[in-house]
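Asks: Pasting a structure here, questions to come.
Computed from the coordinates by the stated procedures, all read-outs in this text should not be read as laboratory data. These figures come from a predicted structure and were not determined experimentally. Here Cβ is always computed from backbone atoms with ideal geometry, including for glycine, and neighbour counts include all displayed protein chains.
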Amino acid sequence: MSVATSIAPGLTTTEASFIEDARAHGQLFIDQPYDLYSGENHQAWAKLYKRIGPRWQRYANPRFLEGIAALRLDPQSVPRLTDVNRFLSPLTGFEAKAVSGYVPAFLFFDCLRNRQFPTTITIRRSNHLDYLPEPDIFHDIAGHVPLHTDPHFADTLVRFGECAHTAIEIAGGHVEQLTSILRAMARFFWFTVEFGLMRGARPGEVKVYGSGLLSSYGEIEHAVDSAEVQRYPAQLEWMINQSFEIDHYQPLLFVVDSFEHVYDLVGELERWMRQGKLDHVAPGEPTVAEADLQSFLDHGR
Ligand SMILES: [Fe+2]
C-alpha cells in the first residue's frame, strides 16, 4: 500500500497541504487552486456571508455596500479571484492577487503601490466562524476588497505603498529609525484600513470602513454600539503612538470624516516621516517582526 502523497482536498486555514507545499517551495504568489476547495470550505463562506449581511446593511459605510454590489460575490461559494478582478479592475485598476501566506511588510506595501492586493485564499473552518488570528479569504475578499472599488480608497492604499518607499529612502539601513517608522506605519494602517470608523450622514452616527470590523460578525456591532469602546476623532500623533493588541475586541477606535480625510492623513504621515517625527514613536505593540524589517533592509540595498 502506498503512502498518500497527493495533495489533500480542502483549503482550510492552517490545514491546507497545498499551501504548505507552496511555501516549502518558496512560492509566495500563487494561482488560486479553485478545485481544491471542499464542500465544507464553500459552506463556511456561505455561513459567514449570510450571517453578516444584515450587519453590513446596518453598520457598514455606504461605499462598502456599493463595493459589495459591484463585485457580485456569490453568497454560496468561495469567490474565484479571477471573477472578483473582472469587476474590480475596470473600476480602480486594483486586483486581488493570491498568496500562500504572510507577505513581508515591504512587499505587501509595494504590492499596494502597484494596485495589487495580496489575498489569502484559505478559509476558516465552518464550525469556527468567529475570531481567528490568521487572515482568510473572507477577511480579505469580503472585508478588504469591496472598498478597493472606491477610487479615493484605492488611491489611499497606493499612497501607503509610496510611504514604504519613502521609509527606505530616508531610513535606509538605520535599523532603529526604520523599526520606529514601521511601528508607526503599522499602527496607522491598523487604526484606519483595518479598524477605521467614519462619520455617518446623521449627527453622531458612525459607520464602519475597517476590514477587521467588516469581516467580524461580533465586532462590527460592538465597534459601533458598545459603551465599552472609546471612539475619538482621528489624530495622527495619537494613532502612531498608540499600541494595540490583535486578539480581542478593540477598546479604542478612531473616526475619520471621509475617504479623502484618510488619504490626506497618509500624506501627513509621509511628511512627518520626512521630518523625523516617526523616528521615536512610543514603544510597545506591535513588535516589528524580523521578516518585516528585513524586507525593508533588503529592498533598501
Ligand atoms: Fe486585513
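Asks: Provide, for q = 0.06, 0.07, 0.09, 0.11 Å⁻¹, the log10 of I(q)/I(0) from a solvent-free Debye sum over equal Cα point scatterers in the chain.
Replies: Listed by q, the Debye log ratios stand at -0.19, -0.26, -0.44, -0.66.
Asks: Mind pulling up the Rg/Rh value for the range 154-204? Radius of gyration and Kirkwood radius, both on Cα.
Replies: On the Cα set of the range 154-204, Rg over Rh gives 1.14.
Asks: Something else: How high is the relative contact order of the range 219-279, given as a whole-number percent (alpha carbon pairs under 8 Å, six or more residues apart)?
Replies: 34 percent
Asks: Among SER126, SER211, SER226, which one moves the most in a GNM of the chain with springs linking Cα atoms closer than 10 Å?
Replies: In this elastic network of the chain, the residue with the biggest mean-square fluctuation among SER126, SER211, SER226 is SER226.
Asks: I would also like to ask the following. Out of residues 5 or more away from THR119 or on other chains, whose amide H comes under 5 Å of its own, with H placed 1.01 Å from N in the peptide plane?
Replies: For THR119, whose amide H was placed from the backbone, the distant partners under 5 Å are LYS97, ALA98, VAL99.
Asks: What are the DSSP H helices in the chain that stretch 18 Å or more along their long axis, judged by alpha-carbon atoms, and whose average Kyte-Doolittle hydropathy comes to at least -1.0?
Replies: Values: long enough: 39-59 (30 Å, -1.59); 151-171 (30 Å, 0.36); 175-189 (21 Å, 0.66); 259-274 (23 Å, -0.51).
The qualifying helices are 151-171, 175-189, 259-274.
Asks: Can you list the HN-Hα couplings for the range 191-197, worked out from phi with the Karplus curve (6.51, -1.76, 1.60; θ = phi - 60°), rounded to whole Hz and with x for Gly and Pro?
Replies: So the J values, rounded to whole Hz, are 7, 10, 4, 8, 10, x, 10.
Asks: Find the Cα radius of gyration of the range 128-256, compare it with 2.2 N^0.38 Å by division, and give the number to two decimals. Don't skip to the end; give the middle numbers.
Replies: Working: Rg = 15.4 Å, N = 129, 2.2 N^0.38 = 13.9 Å.
Relative to the 2.2 N^0.38 Å estimate, the range 128-256 comes out at 1.11.
Asks: Amide H of GLY196: which non-local residues (sequence gap of 5 or more, or other chain) have their own amide H closer than 5 Å, using H built in the peptide plane?
Replies: TYR209, GLY210, SER211
Asks: Of the candidates VAL99, VAL288, VAL145, which one comes out as most mobile in a Gaussian network treatment of the chain with C-alpha springs shorter than 10 Å?
Replies: Of VAL99, VAL288, VAL145, the most mobile in the Gaussian network model is VAL288.
Asks: Also, quick follow-up: Please compute the Kirkwood hydrodynamic radius over the range 59-188, one decimal place, Å, based on all pairs of different Cα atoms.
Replies: Taking every pair of different Cα atoms in the range 59-188, averaging 1/r and inverting gives 15.8 Å.
Asks: Hey, what D do you get for the range 24-70 in µm²/s if you plug the Kirkwood alpha-carbon radius into Stokes-Einstein at 20 °C and 1.002 mPa s?
Replies: Details: Rh = 13.4 Å.
Taking Rh from Cα pairs, D becomes 159 µm²/s.
Asks: What list of ³J(HN,Hα) values in whole Hz, one per residue of the range 130-138 in order, does the Karplus curve 6.51 cos²θ - 1.76 cosθ + 1.60 (θ = phi - 60°) give from phi, with Gly and Pro shown as x?
Replies: 8, 3, 9, x, 7, x, 9, 5, 5
Asks: What does the helix-only formula give at 222 nm for the chain: each DSSP H stretch with n ≥ 4 adding -39500 (n - 2.57), the total divided by the residues, and the result rounded to the nearest 500 deg cm²/dmol?
Replies: It lands at -14500 deg cm²/dmol.
Asks: Would you grab the residues whose amide H sits under 5 Å from the one on VAL206? Only those 5+ places off in sequence or on another chain, please, with H modelled 1.01 Å from N.
Replies: Excluding prolines and chain starts, which carry no amide H, the hits are GLY200.
Asks: Further question: Where nothing but the Cβ of Lys and Arg (+1) and of Asp and Glu (-1) is charged, how large is the charge dipole of the chain around its Cα centre, in debye to the nearest 20?
Replies: Charge dipole, the chain, about its Cα centre: 660 debye, nearest 20.
Asks: Which residue, ILE30, ILE68, PHE153, has the largest displacement toward the positive end of the dipole of the chain when charges sit on each Cβ (Lys, Arg +1; Asp, Glu -1)?
Replies: ILE68
Asks: Oh, and also: Starting from the Cα of LYS97, draw a straight line to each of the aspartates and glutamates and keep only those under 15 Å, dropping any in the same chain fewer than 8 residues away.
Replies: ASP31, ASP83, ASP110, ASP136, ASP140
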